[in-house]
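The values are calculated or read from the model by the stated rules, or taken from the named source; none is laboratory data. Not measured: the values here are computed from a predicted model. We place every Cβ from the backbone using ideal geometry, glycine too, and count neighbours over all the protein chains shown. Side chains included, ligands, DNA and RNA excluded: accessible areas come from the protein's heavy atoms. Shrake-Rupley method; radii C 1.70, N 1.55, O 1.52, S 1.80 Å.
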Amino acid sequence: MSTQQPTRSRSRCSSVLTCLRHSLSPDTAAAATDGVRRVWNCAVIWLQSYLSERRQFVKLRQHKSTETKLEVGVPQGSVLGPLLFAVYCSPVADVITSHDVRHHQYADDTQLHLAMYADNTANGLSILAACTADVKLWLMQNGLQTIGADSTGAAALILCDS
C-alpha cells in the first residue's frame with residue numbers, strides 16, 4: 001500500500017493550511033503543517049497494519065484449521081470493513097458514468113439505471129451491455145470477482161406514449 005496521499009485529501013489539507021497561514025505567524029503555520037503531516041502518517045501506518053499480514057482460521061469447539069495468510073480483503077464483521085470496501089469500489093462509479101448511465105451502489109450491489117424510449121430499446125440495451133462489460137473488466141483488474149450470470153439480473157420498465 002502506498003503512503004502517498006490521495007490528491008483529493010492533499011488539496012483539502014493544503015487549502016486548510018493556506019487559510020491557517022493567513023492568520024498565523026510563519027512559525028505557527030509550519031508547526032500546524034508538520035502536525036497534519038504526522039497525523040496523516042500515523043493514520044496511514046495504522047491502516048496498513050489493519051490490512052496487512054492478516055491470517056485466518058476456522059475454529060469449531062476444540063478443533064482449529066491451519067492458518068492461512070490473507071492476500072486481499074478486509075476482516076469480515078469489522079466496523080471498518082464496509083467503509084473500506086465502499087472506498088475501494090468507488091472508482092467504478094466513474095466507469096458507469098462514462099457511459100451516461102445512472103447508478104446506485106450499496107455494499108456489494110450496484111444497480112444501473114437508464115431511461116430509454118420504447119421505439120429505441122436496442123440502443124439502450126447496447127449501452128447497458130457495454131457498461132456492464134466495462135464494470136466487469138474494472139472488477140477483474142482490481143482483484144474483485146465478478147458475479148455469475150445466474151446472480152445478475154436485469155429489469156426493464158419501458159413507458160409507451162398513448
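Evaluated against (1) exposed (fewer than 12 other Cβ atoms within 10 Å of the Cβ); (2) farther than 20 Å from W138 by Cβ; (3) modelled with pLDDT under 90, L70 falls short on exactly one condition, (1).
Evaluated against (1) surrounded by fewer than 14 Cβ atoms within 10 Å (Cβ to Cβ); (2) at pLDDT 80 or above, I96 falls short on exactly one condition, (1). Out of everything in segment 31-49 that is at pLDDT 75 or above and open to solvent by less than 70 Å² (accessible area, probe 1.4 Å), what residue ends up being farthest from V72 (Cα to Cα)? Ranking the qualifying residues of segment 31-49, first place goes to W40. Restricting the first member to segment 68-86 and to residues that are part of a helix (DSSP H, G or I), and the second to residues that are open to solvent by less than 80 Å² (accessible area, probe 1.4 Å), the beta-carbon pairs closer than 6 Å and six or more apart or on different chains are G81/V74; G81/P75; L84/V74.
Restricting attention to segment 109-134, the residues that are within 21 Å of V92 (Cβ to Cβ), of a type in the set (D, E) and outside any strand (DSSP E or B) total 1. Considering each residue of segment 143-157 in turn, none proves to be touching a strand residue (DSSP E or B) at 6+ places or on another chain (Cβ under 6 Å) and either modelled with pLDDT of 85 or more or exposed (fewer than 12 other Cβ atoms within 10 Å of the Cβ) (or both).
Looking across segment 92-107, just one residue is of a type outside the set (G, A, S), in a loop (DSSP other than H, G, I, E, B) and over 11 Å from T132 (Cβ atoms), and that is D100.
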